[in-house]
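The values are calculated or read from the model by the stated rules, or taken from the named source; none is laboratory data. Note that the coordinates shown come from a computational prediction; the quantities given were computed from them, not determined experimentally. Cβ sites come from the backbone with ideal geometry, for glycine too, and all protein chains shown count toward neighbours. SASA here: full protein model, heavy atoms, side chains in, ligands and nucleic acids out. Shrake-Rupley method; radii C 1.70, N 1.55, O 1.52, S 1.80 Å.
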Amino acid sequence: MNNLINDPYLNDLKYFSDKLNYFLDSELYEILYEDNKDIQAILQKYLIQTARSSFSTQAKRIRPMLCYWLFRNFYLEGNFSEKLSNIKQSEKKIFEKMNKVAITIEILHSASLVVDDIEDDSKERRGQESLHVKYGMPQALNTANWMYFLALKYVPQNLKSIVMDTLFDCHIGQALDLSSKNTETTYHHFLLSENERWQFYERCAELKTSKLISLAFDCAKKLLNINKNDIIILENVFKIYGIIYQIFDDIKNFIPELNRDKLYEDLNSGMRSAVVLSFLDILNEDEKIQMNNELINNCFKEYFLNHAKKFHAFEKCFYKASYLLHLNSIQLDSIHFNKDSREYLSEIIEKPFDEIKKKIFSMIHLKYNKSIVKENYAL
């Protein structure tokens, strides 16, 4: 309890959770209020309940916490000691708008995961049934689409066009991602150079992942009157953060301890995965021809899982993400923040990867070393 009191990040995380629960328990009902009790009951069952199920209690709330950091660092001039519930009356009006931005972004993120699960035919999300499995495709799809409009309705009026632009870009990114499942696109990417393939991957991740993170910056610049030059490095850091997040997410797809619900799912999706790209990068020419044949014949999953170089691919992918994370930390350290601000930001952008990095590193080297032992024993 004392740690919670003394930790600005944990205090704010709890504050946001309370605000989100209030929105779901109270404000949402006001938005959807119907005089007719039968209609209200149907909306409760087929819309509100489904929407509520999309908000995972296991989520790290990275995007809303970034909103709070921006407010504290720029509007409160680096004050991280004051509880958000105790800020001055003169600061509350702006904060209430920034809090609406935080909730808006969380609505959009939750809705996008529902759509993503539908498009990938994922049966589970964070150990629970995906919404389209639990409630059926029509109900889940309608709810997710409605949540996009709910976010637009809820966000402050002067920020609606920014949200629409973000949704526009996110769907372009998703279109690029889905194209990787197409045989022709896969073959086209196969013929590209290593650099060109990674450029496509990073652009896709930037649009479908980084853009929703950048929405916090775009809204903050307008609400808090932040000079663009003051956050240009930060915006680049979080753009790269989206790419790092996507690479680590791709690696997690191959680790049972981290991703039981979607294990090996990416092996059925052409070359959309950073692990598959890394695998292609390290193959010799004969192996590349074999890999292409396996992709064409829809036998790539078995081919990859039985290939001796798969752990080299994990390793290459892991070190690429770790290197980008290190560069991001260097960029952050080049900006002057007070101690509390930097620690709070580290909770958002660096610490979420600590546990994942340890597990991935252990998995790669434990299994890689075991495979070396087996190979030597066989010899």
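On inspection, ASN158 qualifies as more than 21 Å from LYS45 (Cα to Cα), part of a helix (DSSP H, G or I) and more than 20 Å from the chain's Cα centre (by Cα). For the range 236-247, the criterion of a residue being more than 19 Å from the chain's Cα centre (by Cα), open to solvent by 50 Å² or more (accessible area, probe 1.4 Å) and under 30 Å from LYS93 (Cα atoms) is satisfied by no position. In the range 137-195, of all residues being buried (at least 17 other Cβ atoms within 10 Å of the Cβ) and of a type in the set (Gly, Ala, Ser), the one that is nearest to THR50 (Cα to Cα) corresponds to ALA140. Between GLU265, GLU285, GLU257, the distinction of being out of contact with any Leu (no Cβ under 6 Å at 6 or more places or on another chain) and either among the small types (Gly, Ala, Ser) or within 19 Å of THR185 (Cβ to Cβ) (or both) belongs to GLU265 only.
Given the structure, is LEU280 surrounded by 13 or more Cβ atoms within 10 Å (Cβ to Cβ) and in contact with a helix residue (DSSP H, G or I) (Cβ under 6 Å, 6 or more places away or on another chain)? The answer is no for LEU280.
Quick grid of which residues meet (1) modelled with pLDDT under 95; (2) assigned to a helix (DSSP H, G or I); (3) closer than 20 Å to ILE213 by Cα:
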site	(1), (2), (3)
SER278	no, yes, no
LYS288	yes, yes, no
GLU294	yes, yes, no
ALA308	yes, no, no
PHE311	yes, yes, no
PHE318	yes, yes, no
HIS336	yes, no, no
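Pairs linking a residue in the range 16-39 that is closer than 25 Å to MET65 by Cα and touching a residue at least 60 places away in the same chain (Cβ under 8 Å) to a residue that is outside any helix (DSSP H, G or I) and open to solvent by less than 70 Å² (accessible area, probe 1.4 Å), with Cβ atoms under 9 Å and 6 or more positions apart or on different chains, are PHE16/ARG61; LEU20/PHE55; LEU20/ARG61.
Assess whether HIS336 counts as being more than 21 Å from the chain's Cα centre (by Cα) and under 26 Å from LEU191 (Cβ atoms). Spell out the reasoning first.
Details: more than 21 Å from the chain's Cα centre (by Cα): yes; under 26 Å from LEU191 (Cβ atoms): no.
Here the answer is no, as HIS336 does not meet what is asked.
Please indicate, with yes or no, whether at least one residue in the range 243-253 is charged (D, E, K, R), farther than 22 Å from HIS109 by Cα and modelled with pLDDT under 95.
Filtering the range 243-253 down to residues charged (D, E, K, R) leaves 249-250, 252.
After this cut, where a residue has to be farther than 22 Å from HIS109 by Cα as well, the list is none.
No: the range 243-253 contains no residue that is charged (D, E, K, R), farther than 22 Å from HIS109 by Cα and modelled with pLDDT under 95.
Considering only the range 272-284, I want to know if a residue exists there that is farther than 30 Å from SER130 by Cα, of a type in the set (Phe, Trp, Tyr) and in contact (Cβ under 8 Å) with a residue 24 or more places away in the chain. No, because not a single residue in the range 272-284 is farther than 30 Å from SER130 by Cα, of a type in the set (Phe, Trp, Tyr) and in contact (Cβ under 8 Å) with a residue 24 or more places away in the chain. Screening the candidates SER322, SER273 for the property of being of a type in the set (Gly, Ala, Ser), more than 23 Å from SER214 (Cβ to Cβ) and open to solvent by less than 30 Å² (accessible area, probe 1.4 Å) yields one hit, SER273.
Residue-wise test of (1) under 28 Å from the mean Cα position of the chain (by Cα); (2) within 23 Å of ILE226 (Cα to Cα).
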{"residue": "LYS19", "(1), (2)": "yes, no"}
{"residue": "ILE31", "(1), (2)": "yes, no"}
{"residue": "LEU43", "(1), (2)": "no, no"}
{"residue": "SER54", "(1), (2)": "yes, no"}
{"residue": "MET65", "(1), (2)": "yes, yes"}
{"residue": "LEU70", "(1), (2)": "yes, yes"}
{"residue": "ASN79", "(1), (2)": "yes, yes"}
